[in-house]
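The values are calculated or read from the model by the stated rules, or taken from the named source; none is laboratory data. Note that the structure is predicted; figures quoted are calculated from it, not measured. Methodologically, a virtual Cβ is constructed for each residue, glycine included, from the backbone with ideal geometry; neighbour enumeration extends over all protein chains shown.
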Amino acid sequence: MTDLIFRPLGADELDLFLGHGSTPASGVGARTLPFEQLGYHRLDWLWIALRGDTVVARAAFWGPERSPHPYCVDWFDPGTGPDRIEVGAALLRAAYDVLAPAGYSTPVGDRPEYLLFLPGDWRDRPDALADATDRITAAERAGLRQKVERLNLRWEPGYGLPPRSTRLTFTPAADDAVVVDLLGRIAVGSLDDSDRRTLPVKGPEATAKETLEDVASMPGGRDRWRLAYDASGALAGIVMPTRNDGSATIGYIGVDPAHRGNGYSDDLLAEALHIFSAEGEPQVTDNTDVGNAPMAAAFDRAGYRITGRTLVLG
(Lines give C-alpha, C1' and ligand atoms only; values in the text may rest on other atoms or scores of the structure.)
Protein backbone atom coordinates (compact mmCIF):
# COMPACT_ATOMS: atom_id res chain seq x y z
CA MET A 1 0.00 0.00 0.00
CA THR A 2 2.92 2.37 0.56
CA ASP A 3 3.59 2.57 -3.19
CA LEU A 4 0.08 3.83 -3.97
CA ILE A 5 -1.06 7.39 -4.64
CA PHE A 6 -4.73 8.37 -4.28
CA ARG A 7 -5.77 11.58 -6.00
CA PRO A 8 -8.38 13.26 -8.21
CA LEU A 9 -7.85 13.74 -11.91
CA GLY A 10 -6.02 16.80 -13.13
CA ALA A 11 -6.63 18.76 -16.31
CA ASP A 12 -6.67 16.63 -19.48
CA GLU A 13 -6.44 13.36 -17.52
CA LEU A 14 -9.83 11.86 -18.33
CA ASP A 15 -8.18 9.31 -20.61
CA LEU A 16 -6.23 8.08 -17.59
CA PHE A 17 -9.52 7.28 -15.83
CA LEU A 18 -11.18 5.71 -18.88
CA GLY A 19 -8.07 3.75 -19.84
CA HIS A 20 -8.40 1.56 -16.77
CA GLY A 21 -10.96 -0.49 -18.68
CA SER A 22 -14.67 -1.15 -18.89
CA THR A 23 -17.07 -2.43 -16.26
CA PRO A 24 -17.01 -6.21 -15.57
CA ALA A 25 -18.56 -8.64 -18.04
CA SER A 26 -20.88 -9.74 -15.22
CA GLY A 27 -22.81 -6.48 -15.58
CA VAL A 28 -21.96 -5.28 -12.07
CA GLY A 29 -21.67 -1.50 -12.20
CA ALA A 30 -22.95 -1.33 -15.79
CA ARG A 31 -24.81 1.76 -16.94
CA THR A 32 -27.25 2.39 -19.78
CA LEU A 33 -25.22 5.31 -21.18
CA PRO A 34 -21.55 5.77 -22.06
CA PHE A 35 -19.42 7.29 -19.30
CA GLU A 36 -19.16 10.60 -21.17
CA GLN A 37 -22.97 11.01 -21.11
CA LEU A 38 -23.50 10.32 -17.41
CA GLY A 39 -22.98 13.88 -16.21
CA TYR A 40 -19.61 13.62 -14.46
CA HIS A 41 -18.75 17.28 -14.96
CA ARG A 42 -16.05 17.72 -12.30
CA LEU A 43 -12.57 16.24 -12.78
CA ASP A 44 -11.84 16.74 -9.09
CA TRP A 45 -14.72 14.34 -8.33
CA LEU A 46 -13.05 11.56 -10.36
CA TRP A 47 -10.49 9.75 -8.19
CA ILE A 48 -7.85 7.19 -9.06
CA ALA A 49 -5.41 4.92 -7.24
CA LEU A 50 -2.02 4.93 -8.96
CA ARG A 51 0.74 2.38 -8.59
CA GLY A 52 3.57 4.01 -10.47
CA ASP A 53 1.97 5.21 -13.72
CA THR A 54 -0.74 2.56 -13.70
CA VAL A 55 -4.32 3.13 -12.54
CA VAL A 56 -5.31 0.20 -10.32
CA ALA A 57 -8.65 1.48 -8.96
CA ARG A 58 -11.05 4.34 -9.66
CA ALA A 59 -14.14 6.03 -8.25
CA ALA A 60 -16.46 8.65 -9.76
CA PHE A 61 -18.61 10.97 -7.64
CA TRP A 62 -21.69 12.60 -9.15
CA GLY A 63 -23.78 15.64 -8.32
CA PRO A 64 -26.02 18.09 -10.19
CA GLU A 65 -24.04 20.57 -12.22
CA ARG A 66 -25.20 23.43 -10.00
CA SER A 67 -24.06 21.67 -6.81
CA PRO A 68 -20.71 22.56 -5.21
CA HIS A 69 -20.55 19.09 -3.62
CA PRO A 70 -21.25 15.54 -4.85
CA TYR A 71 -24.44 13.68 -3.99
CA CYS A 72 -23.16 10.13 -4.52
CA VAL A 73 -20.43 7.88 -5.85
CA ASP A 74 -21.90 5.64 -8.54
CA TRP A 75 -18.87 4.35 -10.41
CA PHE A 76 -16.39 2.38 -8.32
CA ASP A 77 -13.89 -0.13 -9.62
CA PRO A 78 -11.44 -1.61 -7.08
CA GLY A 79 -9.55 -3.43 -9.84
CA THR A 80 -8.53 -7.07 -10.06
CA GLY A 81 -5.26 -7.27 -8.11
CA PRO A 82 -4.80 -9.50 -5.07
CA ASP A 83 -4.98 -6.44 -2.79
CA ARG A 84 -8.01 -4.95 -4.58
CA ILE A 85 -10.18 -4.84 -1.44
CA GLU A 86 -7.59 -2.88 0.55
CA VAL A 87 -6.79 -0.60 -2.41
CA GLY A 88 -10.46 0.09 -3.14
CA ALA A 89 -11.22 0.84 0.50
CA ALA A 90 -8.22 3.18 0.79
CA LEU A 91 -9.26 5.01 -2.40
CA LEU A 92 -12.79 5.58 -1.08
CA ARG A 93 -11.50 6.76 2.30
CA ALA A 94 -9.13 9.25 0.65
CA ALA A 95 -11.84 10.60 -1.65
CA TYR A 96 -14.46 10.87 1.08
CA ASP A 97 -12.00 12.68 3.37
CA VAL A 98 -11.66 15.42 0.76
CA LEU A 99 -15.13 15.52 -0.81
CA ALA A 100 -17.23 14.84 2.30
CA PRO A 101 -15.29 16.00 5.37
CA ALA A 102 -16.69 15.66 8.89
CA GLY A 103 -19.86 17.69 9.30
CA TYR A 104 -20.70 17.82 5.60
CA SER A 105 -23.99 16.37 4.40
CA THR A 106 -25.63 16.29 1.00
CA PRO A 107 -29.19 17.58 0.50
CA VAL A 108 -30.33 13.96 0.29
CA GLY A 109 -28.34 12.29 3.06
CA ASP A 110 -25.62 12.48 5.69
CA ARG A 111 -22.87 12.03 3.13
CA PRO A 112 -22.59 10.90 -0.50
CA GLU A 113 -24.03 7.41 -0.84
CA TYR A 114 -22.45 4.67 -2.90
CA LEU A 115 -24.91 3.43 -5.53
CA LEU A 116 -23.89 -0.01 -6.75
CA PHE A 117 -25.76 -0.94 -9.94
CA LEU A 118 -26.38 -4.68 -10.25
CA PRO A 119 -28.01 -7.20 -12.59
CA GLY A 120 -31.41 -8.34 -11.39
CA ASP A 121 -30.10 -11.86 -10.74
CA TRP A 122 -26.75 -10.88 -9.24
CA ARG A 123 -27.04 -13.18 -6.23
CA ASP A 124 -27.67 -16.22 -8.43
CA ARG A 125 -24.64 -15.82 -10.72
CA PRO A 126 -21.15 -16.58 -9.35
CA ASP A 127 -19.42 -13.97 -11.55
CA ALA A 128 -21.80 -11.17 -10.60
CA LEU A 129 -21.80 -12.19 -6.93
CA ALA A 130 -17.99 -12.11 -6.83
CA ASP A 131 -17.74 -8.70 -8.52
CA ALA A 132 -20.44 -7.26 -6.28
CA THR A 133 -18.86 -8.73 -3.14
CA ASP A 134 -15.52 -7.09 -3.97
CA ARG A 135 -17.17 -3.68 -4.17
CA ILE A 136 -19.39 -4.16 -1.13
CA THR A 137 -16.50 -5.40 1.02
CA ALA A 138 -14.22 -2.53 -0.02
CA ALA A 139 -16.96 0.02 0.63
CA GLU A 140 -17.70 -1.45 4.06
CA ARG A 141 -14.01 -1.35 4.98
CA ALA A 142 -14.06 2.32 3.97
CA GLY A 143 -16.77 2.90 6.58
CA LEU A 144 -19.93 2.62 4.51
CA ARG A 145 -22.80 0.34 5.41
CA GLN A 146 -25.58 -1.27 3.41
CA LYS A 147 -28.80 0.75 3.62
CA VAL A 148 -31.32 -0.52 1.09
CA GLU A 149 -31.65 -2.44 -2.16
CA ARG A 150 -33.87 -1.10 -4.90
CA LEU A 151 -35.47 -2.50 -8.03
CA ASN A 152 -34.64 -0.53 -11.18
CA LEU A 153 -37.69 -0.30 -13.44
CA ARG A 154 -38.55 0.91 -16.94
CA TRP A 155 -41.79 1.52 -18.80
CA GLU A 156 -42.07 2.09 -22.54
CA PRO A 157 -45.19 2.78 -24.64
CA GLY A 158 -44.77 -0.58 -26.34
CA TYR A 159 -45.37 -2.32 -23.01
CA GLY A 160 -48.97 -1.06 -23.03
CA LEU A 161 -50.60 1.97 -21.43
CA PRO A 162 -52.78 1.11 -18.40
CA PRO A 163 -56.32 2.54 -18.46
CA ARG A 164 -56.82 5.93 -16.89
CA SER A 165 -58.59 6.04 -13.54
CA THR A 166 -62.36 6.33 -13.39
CA ARG A 167 -62.31 6.48 -9.57
CA LEU A 168 -60.11 9.51 -8.97
CA THR A 169 -60.13 13.10 -10.19
CA PHE A 170 -56.79 14.82 -10.74
CA THR A 171 -55.88 18.48 -10.33
CA PRO A 172 -52.49 20.28 -10.49
CA ALA A 173 -50.53 20.18 -7.23
CA ALA A 174 -49.90 23.90 -7.11
CA ASP A 175 -50.45 24.70 -3.42
CA ASP A 176 -47.31 23.96 -1.41
CA ALA A 177 -49.19 23.99 1.89
CA VAL A 178 -51.57 21.27 0.67
CA VAL A 179 -48.70 19.22 -0.77
CA VAL A 180 -46.58 19.44 2.39
CA ASP A 181 -49.51 18.49 4.60
CA LEU A 182 -50.29 15.47 2.43
CA LEU A 183 -46.66 14.36 2.12
CA GLY A 184 -46.30 14.55 5.89
CA ARG A 185 -49.27 12.24 6.39
CA ILE A 186 -48.01 9.81 3.74
CA ALA A 187 -44.57 9.61 5.39
CA VAL A 188 -46.14 8.20 8.56
CA GLY A 189 -46.30 4.45 8.01
CA SER A 190 -44.55 4.67 4.64
CA LEU A 191 -42.56 1.63 3.46
CA ASP A 192 -40.13 3.90 1.58
CA ASP A 193 -36.66 3.62 3.12
CA SER A 194 -35.89 7.32 2.78
CA ASP A 195 -39.10 8.33 4.56
CA ARG A 196 -38.53 5.73 7.29
CA ARG A 197 -35.02 6.98 7.99
CA THR A 198 -35.86 10.68 7.86
CA LEU A 199 -39.16 10.68 9.76
CA PRO A 200 -37.86 9.75 13.25
CA VAL A 201 -35.12 12.38 13.01
CA LYS A 202 -36.92 15.31 11.40
CA GLY A 203 -40.63 14.66 11.91
CA PRO A 204 -43.45 14.63 9.33
CA GLU A 205 -43.40 18.30 8.29
CA ALA A 206 -39.65 18.56 7.76
CA THR A 207 -39.64 15.20 5.95
CA ALA A 208 -42.41 16.46 3.68
CA LYS A 209 -40.65 19.75 2.96
CA GLU A 210 -37.45 17.89 2.13
CA THR A 211 -39.34 15.67 -0.33
CA LEU A 212 -41.01 18.68 -1.93
CA GLU A 213 -37.74 20.55 -2.34
CA ASP A 214 -35.93 17.50 -3.68
CA VAL A 215 -38.49 16.70 -6.38
CA ALA A 216 -39.03 20.38 -7.25
CA SER A 217 -35.29 20.73 -7.89
CA MET A 218 -35.34 18.08 -10.62
CA PRO A 219 -35.05 19.25 -14.25
CA GLY A 220 -38.65 18.31 -15.05
CA GLY A 221 -40.18 21.02 -12.87
CA ARG A 222 -43.59 20.61 -11.29
CA ASP A 223 -46.15 21.28 -14.01
CA ARG A 224 -47.03 17.57 -14.22
CA TRP A 225 -47.64 17.06 -10.49
CA ARG A 226 -51.17 15.97 -9.64
CA LEU A 227 -53.33 15.69 -6.53
CA ALA A 228 -55.91 12.90 -6.60
CA TYR A 229 -59.43 13.15 -5.10
CA ASP A 230 -61.94 10.37 -4.63
CA ALA A 231 -65.66 10.51 -5.51
CA SER A 232 -66.49 12.19 -2.19
CA GLY A 233 -63.97 14.96 -2.82
CA ALA A 234 -61.47 13.71 -0.24
CA LEU A 235 -57.77 14.08 -1.04
CA ALA A 236 -56.54 10.52 -1.64
CA GLY A 237 -52.98 10.84 -2.91
CA ILE A 238 -50.36 12.54 -5.03
CA VAL A 239 -48.14 11.70 -7.98
CA MET A 240 -45.23 13.91 -9.03
CA PRO A 241 -44.15 13.06 -12.61
CA THR A 242 -40.98 14.88 -13.64
CA ARG A 243 -37.67 14.32 -15.42
CA ASN A 244 -34.18 13.53 -14.18
CA ASP A 245 -31.03 14.17 -16.20
CA GLY A 246 -31.68 11.12 -18.38
CA SER A 247 -35.38 10.42 -18.77
CA ALA A 248 -38.92 10.87 -17.57
CA THR A 249 -39.46 9.60 -14.03
CA ILE A 250 -41.94 9.69 -11.17
CA GLY A 251 -40.31 11.83 -8.52
CA TYR A 252 -42.75 10.74 -5.82
CA ILE A 253 -45.99 8.80 -5.49
CA GLY A 254 -48.06 8.22 -2.38
CA VAL A 255 -51.51 7.46 -1.02
CA ASP A 256 -52.97 9.17 2.03
CA PRO A 257 -53.02 6.68 4.93
CA ALA A 258 -56.79 7.00 5.25
CA HIS A 259 -57.15 5.71 1.68
CA ARG A 260 -54.60 2.89 1.66
CA GLY A 261 -55.88 -0.53 0.71
CA ASN A 262 -57.97 0.70 -2.24
CA GLY A 263 -55.37 0.13 -4.93
CA TYR A 264 -55.03 3.83 -5.64
CA SER A 265 -51.33 3.45 -6.44
CA ASP A 266 -52.44 1.88 -9.73
CA ASP A 267 -54.56 4.95 -10.54
CA LEU A 268 -51.73 7.35 -9.67
CA LEU A 269 -49.22 5.44 -11.79
CA ALA A 270 -51.61 5.28 -14.73
CA GLU A 271 -52.17 9.04 -14.58
CA ALA A 272 -48.43 9.71 -14.67
CA LEU A 273 -47.92 7.36 -17.62
CA HIS A 274 -50.76 9.02 -19.55
CA ILE A 275 -49.14 12.42 -18.96
CA PHE A 276 -45.78 11.15 -20.19
CA SER A 277 -47.37 9.32 -23.13
CA ALA A 278 -49.16 12.49 -24.27
CA GLU A 279 -45.79 14.26 -24.28
CA GLY A 280 -44.22 11.52 -26.40
CA GLU A 281 -41.74 10.28 -23.81
CA PRO A 282 -39.97 7.19 -25.18
CA GLN A 283 -39.44 5.66 -21.74
CA VAL A 284 -40.01 6.21 -18.03
CA THR A 285 -37.40 4.99 -15.54
CA ASP A 286 -38.16 4.50 -11.87
CA ASN A 287 -37.13 2.49 -8.83
CA THR A 288 -38.64 1.23 -5.62
CA ASP A 289 -37.22 -0.36 -2.49
CA VAL A 290 -37.18 -4.17 -2.51
CA GLY A 291 -38.92 -4.03 0.87
CA ASN A 292 -41.80 -1.95 -0.51
CA ALA A 293 -43.67 -4.94 -1.94
CA PRO A 294 -47.01 -3.13 -2.55
CA MET A 295 -45.33 -0.47 -4.69
CA ALA A 296 -43.29 -3.05 -6.58
CA ALA A 297 -46.52 -4.91 -7.34
CA ALA A 298 -48.17 -1.70 -8.57
CA PHE A 299 -45.28 -1.04 -10.96
CA ASP A 300 -45.60 -4.61 -12.23
CA ARG A 301 -49.35 -4.22 -12.85
CA ALA A 302 -48.69 -0.97 -14.74
CA GLY A 303 -46.42 -2.85 -17.13
CA TYR A 304 -43.00 -1.83 -15.85
CA ARG A 305 -40.11 -4.25 -16.35
CA ILE A 306 -37.20 -4.83 -13.97
CA THR A 307 -33.91 -3.75 -15.55
CA GLY A 308 -31.64 -4.41 -12.57
CA ARG A 309 -31.08 -3.52 -8.93
CA THR A 310 -29.24 -0.82 -6.99
CA LEU A 311 -27.61 -1.47 -3.64
CA VAL A 312 -27.25 1.73 -1.62
CA LEU A 313 -24.41 2.06 0.90
CA GLY A 314 -23.71 5.13 2.99
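All but one of (1) in contact with a Lys or Arg (Cβ under 6 Å, 6 or more places away or on another chain); (2) in a loop (DSSP other than H, G, I, E, B) hold for residue 102; which doesn't?
Every condition holds for residue 102 apart from (1).
Kindly establish whether residue 175 is modelled with pLDDT of 95 or more and either in contact with a Lys or Arg (Cβ under 6 Å, 6 or more places away or on another chain) or surrounded by fewer than 15 Cβ atoms within 10 Å (Cβ to Cβ) (or both).
Yes.
Can you find a residue in segment 13-26 that is buried (at least 18 other Cβ atoms within 10 Å of the Cβ) and farther than 30 Å from residue 129 by Cβ?
no
List the residue pairs whose Cβ atoms are under 6 Å apart, where the first residue sits in segment 133-154 and is closer than 14 Å to residue 296 by Cβ, the second is acidic (Asp, Glu) and buried (at least 16 other Cβ atoms within 10 Å of the Cβ), and the two are 6 or more positions apart or on different chains.
148/193; 148/289; 150/289; 153/286
Looking only at segment 145-168, count every residue that is within 17 Å of the chain's Cα centre (by Cα) and not in a strand (DSSP E or B) and tell me the total.
Going through segment 145-168 one residue at a time, the tally reaches 1.
Only one of (1) farther than 19 Å from residue 28 by Cβ; (2) surrounded by 14 or more Cβ atoms within 10 Å (Cβ to Cβ) is not met by residue 134, so which one is it?
Looking at each condition in turn, residue 134 falls short on (1).
Here's the yes/no breakdown for (1) within 26 Å of residue 126 (Cα to Cα); (2) in contact (Cβ under 8 Å) with a residue 60 or more places away in the chain:
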residue: 9; (1), (2): no, no
residue: 27; (1), (2): yes, yes
residue: 31; (1), (2): yes, yes
residue: 39; (1), (2): no, yes
residue: 47; (1), (2): no, no
residue: 71; (1), (2): no, no
residue: 81; (1), (2): yes, no
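Which one of the conditions (1) of a type in the set (Lys, Arg); (2) surrounded by fewer than 16 Cβ atoms within 10 Å (Cβ to Cβ); (3) not in a loop (DSSP other than H, G, I, E, B) does residue 58 fail to meet, given that it meets all the rest?
(2)
Of these, 97, 110, 124, 74, which one is buried (at least 16 other Cβ atoms within 10 Å of the Cβ) and farther than 30 Å from residue 266 by Cα?
74
Here is a list of conditions, (1) within 20 Å of residue 158 (Cβ to Cβ); (2) surrounded by 20 or more Cβ atoms within 10 Å (Cβ to Cβ), and residue 264 meets all of them except one; can you say which number that is?
Result: residue 264 fails condition (1) only.
Where in segment 203-294 are there strands (runs of 3 or more DSSP E), lying fully within it, with 1 or more residues that are over 28 Å from residue 115 (Cβ atoms) and among the aromatic types (Phe, Trp, Tyr)?
The strands (runs of 3 or more DSSP E) meeting that bar are 226-229.
Going by what's in this entry, would residue 196 be described as touching a Ser or Thr at 6+ places or on another chain (Cβ under 8 Å) and either free of Cβ contacts under 8 Å to residues at least 24 places away in the same chain or over 27 Å from residue 150 (Cα atoms) (or both)?
yes
Within the group 227, 235, 199, which residue is modelled with pLDDT of 95 or more and crowded, with 18+ Cβ neighbours inside 10 Å?
Result of the check over 227, 235, 199: 227.
Can we say residue 204 is outside the structural domain of residue 63 (by TED's automatic domain parsing) and either of a type in the set (Gly, Ala, Ser) or farther than 25 Å from residue 38 by Cβ (or both)?
Against the criterion (outside the structural domain of residue 63 (by TED's automatic domain parsing) and either of a type in the set (Gly, Ala, Ser) or farther than 25 Å from residue 38 by Cβ (or both)), residue 204 qualifies.
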